[in-house]
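One structure is given here, and the rest of the page talks about it.
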């Protein structure tokens, strides 16, 4: 049973998985080093681009960028379609529907809030979907790196 706080929002307590298969699948979800991230990082590295991985852009923000350049103030996020609400591929679970809606909508709000906060602090934020072509993603990142480096000269 899901508890509801006085604000009408679902509590942070996670409901039990709807099945053992779902529990097993969700427990294997990675927070970092996902296949799309690894593919993009491998391409960047092969081009001689060096970067930080899973880094916090600002010490006082609760935010981890997938790929990061602190000196250039650029953060890259490669978002999973399910967790971040891809307009083309996102799905919503039917079991525990209210809890998942609250969780996934909260992820999207947090992403937009972090984008705005980082931009206000002078960061360039790039977001890509996990289904995007890794070569195209690496090309876009490299183009932005060139633009930022040219701006510092």
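Computed log10 I(q)/I(0) for region 31-77 at 0.23, 0.25, 0.26, 0.29 Å⁻¹: -0.81, -0.92, -0.98, -1.13, from the Debye equation with unit scatterers placed on every C-alpha and solvent omitted.
The length gained by stretching the chain between residue 135 and residue 70 to full extension, at 0.36 nm per residue less their Cα-Cα distance, is 21.1 nm.
Taking a virtual spin label 7 Å from the Cα of residue 150 along the C-beta vector, which residues in region 119-138 bring their backbone nitrogen under 20 Å of it? The answer is 123-126, 136-138.
Which log10 I(q)/I(0) values does region 29-151 give at q = 0.09, 0.11, 0.19, 0.20 Å⁻¹ under the Debye formula, counting every alpha carbon as one identical point scatterer? These q points yield log10 I(q)/I(0) values of -0.26, -0.39, -1.09, -1.19. Applying 1/(1 + (r/R0)^6) with r as the Cβ-Cβ distance of residue 143 and residue 50 and R0 = 25 angstrom yields a FRET efficiency of 0.90.
What the pair-distance distribution of region 104-153 shows, using all Cα-Cα distances binned every 10 Å from zero, is 22, 39, 34, 5, 0 percent.
How much length is gained on full extension from residue 98 to residue 112, taking 0.36 nm per residue of separation minus their Cα-Cα distance?
Numbers: separation 14, 0.36 × 14 = 5.04 nm, distance 2.14 nm.
2.9 nm is the gain from fully extending residue 98 to residue 112.
Every read-out reported here was derived from the displayed coordinates using simple, explicitly stated rules and does not represent laboratory data. Predicted, not measured: the structure shown is a model, and the values here were computed from it. In this analysis, Cβ positions are derived from the backbone assuming ideal geometry, glycine residues included, and neighbour counts consider all displayed protein chains.
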